[in-house]
Structure formats: C-alpha cells, structure tokens
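The values are calculated or read from the model by the stated rules, or taken from the named source; none is laboratory data. Predicted model, so just to flag it, every value in this text is computed and none were measured. So basically every Cβ, Gly included, is an ideal-geometry build from the backbone, and we count neighbours across all protein chains shown. Accessible surface is based on the protein model in full, side chains and every heavy atom, while ligands, DNA and RNA are left aside. Shrake-Rupley method; radii C 1.70, N 1.55, O 1.52, S 1.80 Å.
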Amino acid sequence: MLSVFCSPSRYTQGKNATASLGKEITGLGLRGPALILAGRSAIRLLSETWNRTFSEAGMAHAVYPFGGECSLAEIERVKKAARQHQAQVIVGAGGGKVLDTARAAAADLDLPVVNCPTVASSDAPCSALSVIYTDEGVFQEYRFYRKNPDLVLVDTQVIVQSPPRLLVAGMGDALATWFEAKTCVEGHVKNMRGGASTRSALTLAELCYQTLLESGAAALRAVQTQVVTPALERLVEANTLLSGLGFESSGLAAAHAIHNGLTAAPATHDYFHGEKVAYGLLVQLVLEGQPRSVVEQVLRFATEVGLPITLAEIGLVELPKELLQQVAIRATAKGETIHNEPFEVHADMVADAIRAADASGRAWKKHNGEARSK
Ligand SMILES: [Zn+2]
C-alpha cells in the first residue's frame, strides 16, 4: 500500500486575514471573476472588505447568498449563478454547509475553490470530502472530491465573533483526531484518501491533541471575550488545519462512526457534529479498553471546555433499547470507519460501550461536582 498525504494548496490564518483574500487568490495564479457563496453573517461582516480586497487585486467578484441547506437543489442554484457570472473560482464563506455547497458546486464545474470558514466548529474546511445529510439531518454519506481546496483562509477576527459553543464543538471534532489516527495506523488500514498514513500526518494529529489540552480553555475564554490571542490562534489552527490533515491523511475510526450512529436518534439533531464526535470518542475509548489515565485526561478536558460526556448532554436523557440498537446498527454499518478498529466490532458491543461511556461520564460528573463543592 502506498502512503498518501494530502492537504490544501495553501492555508492562511490570522486577524483580519480577509483583507488579503484577493491577493492570496491571485498569488496562486487563479483568475476571476470570483463567485462568493456566503452565509448571512459572512455577508454582514465581510461585504465591504471583499469589495476592497477584490478591487485591489483587480478581480471581479459577485456575492451569492446561501439558501440554508447543502442540498442538491442548492448546489444546482450555485452552479447556475457561477455560469451566469462566468466565475473562474468559487469562494465559500460561512459555516460548514456553505463550504460543503461551494465545494460540491466547484467540483461539478471543475473550478478551483477557496474556503473561508467563519466558525472553527469542525475540521472539514481543509479536506477534500464533505458529509451529506438527509433533509431530516440523518447522516447519509461521505462525498469525496478529486482535490483539496486551493486555499483555506481563516480570519480569526471573524472566528471570535462566532458563538463560543461552535468553537467548543470544533474542539470535540479535533479531540478525536489523534485517537482515531493512532488506531488506524496501528491497524495498518487505509486513510480517507485510500493510502497508508505517513509519520507527518500522525505527528500533526498528536500535536492537535496537545494543542487542545494546552490552549483549549484559554481559547474559549478569548472567544467569550471576543478577543484574538495567541492561544486562540493556536486553537483555531488545531481545530481547522491540524485536525483536518490528521483525520484525512491518517483516517477515522470508531468515534466518527458512533457519531454517524447517533444521528439516527432525532433528539441528537440539536447538537453539533463535534459534540457528538466527542461523545463518540468516549465510546471508542471504552471499546478499545483504554487505561483509566487516558480516559480521565479526555474527561477532564471535555469538562473543562464544556463538551458532552453523558448521553443526556447530547439530548438523550432517555435512550430506549430499540433506539440504542438502531444507533449501534447504524454505527456498525458496512463500510463504516468503526471497522478500522483492530478487532471485529459488532452492534451489541457498541450498544454496551455507549451505555458504559455514559455511566463513566456520569460518575465523573458526580465525583468532580462533589470535589468542587467541598
Ligand atoms: Zn469530524
């Protein structure tokens, strides 16, 4: 098996990075006009900066407001707008769904794509794949593209204006990266791009985990105060770049499959991807029989930043047996990344591990809640 590492062609991050967007795009040799598919808050915060940066770069641009759902119909509308404007590059500016739609449209039209995430809520922006859900919010499939984005530009001044919960959700997604990567490498399985992992990808995944432990809490405070600090910069890089490269070039395992399973329970739909992935990681640690020290480090971090560690915290105050079984069956469906675990995984094992993770999360809360009140 060949080793494969993939990444965006260029990654740019910093306070007011949007002011350099035009220059960043032309610097890559890309030509306009650009079609910017943008969410509502991106338009509100960035329209004037776009006018300035694109006129400085001598590139025509048009803004197309996002319709709200990454659906096939919306992708077609964006493609139509791109043709109308004779766009030579598509820029997605907004949350995950905006970027996914921009990427899908660009892939269909064979155009370069630029991702400008306005939240650091997942590790999707750097990858060459997106997650497709049904209109009801149930995980449907991974959609793979030929190449990673030509440019990912993250404006941290915009990130600190997003809701803190979204940054925390991104930490949940990033929290699983190192554990899933390690599992894939130890099992000699393929990464998300069909090759073996590299030492580079694994090292980046580990750095991602260390960065969360070191800078997660401080970064959360920065977003709560709406200020850009070095800790915030490091954390945004971990959530977006390190986690993105780590998961795509090393692979996913149980945590993300458990997330996909959990989407079968409608009550979890009010919770973000990264929040469910964080819980999925706890389940993975149970399944793998990880030592107490490892589990407790994860629980401590999750509690510190406010990630869910019990079923109740992802909307499942009750989880009837039949629904638990459905979740477990979905998580172990054929082709799921849970089968990257180095042992055979069955639905009944997953159902038990989901409940065991909940029990340990509740015990942790009880113990630490008591410790605090003493
Ligand atoms: Zn994820």
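The table below gives the values:
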| read-out | value |
| --- | --- |
| Anchor Lys334: lysines whose Cα lies under 16 Å away (excluding residues fewer than 8 positions away in-chain) | Lys190 |
| Ranked by how many other beta carbons lie within 10 Å on average, peptides 197-205, 44-52 from highest | 197-205, 44-52 |
| Hull shadow area, averaged, the chain [alpha-carbon convex hull, nm²] | 17.9 nm² |
| Dimensionless Rg/Rh of the stretch 115-158 - Kirkwood Rh, Rg from C-alpha atoms | 1.03 |
| Translational diffusion of the stretch 251-374, µm² s⁻¹ [Kirkwood Rh, Cα pairs; Stokes-Einstein; 25 °C; 0.890 mPa s] | 171 µm²/s |
| Per-selection Kirkwood Rh - the stretch 142-210 (Cα, Å, 1 d.p.) | 14.3 Å |
| With Cα atoms, 0 to 90° folded angle of helix 40-56 axis to the chain main axis | 40 degrees |
| Calculated [θ] (222 nm, deg cm²/dmol) that DSSP helices of n ≥ 4 give over the chain, each run adding -39,500 (n - 2.57) | -17000 deg cm²/dmol |
| Percent of beta bridges antiparallel (DSSP, the chain, rounded to nearest 5) | 20 percent |
| Per residue accessible area of the chain, 1.4 Å probe, in Å² | 43 Å² |
| Portion, in percent, of the accessible area of the chain that falls on carbon or sulfur, probe 1.4 Å | 51 percent |
| Helix 347-373 vs. the chain, principal-axis angle (Cα, 0 to 90°, nearest 10) | 90 degrees |
| Part-to-part distance (alpha-carbon centres) for the stretch 1-59 and the stretch 256-275, which is given in Å | 31 Å |
| Degrees separating the helix 72-84 axis from the principal Cα axis of the chain, which is the longest one | 20 degrees |
| Computed FRET value (nearest 0.05) for Ser293 with Ala267, which takes r as the C-beta separation and R₀ as 35 Å | 0.60 |
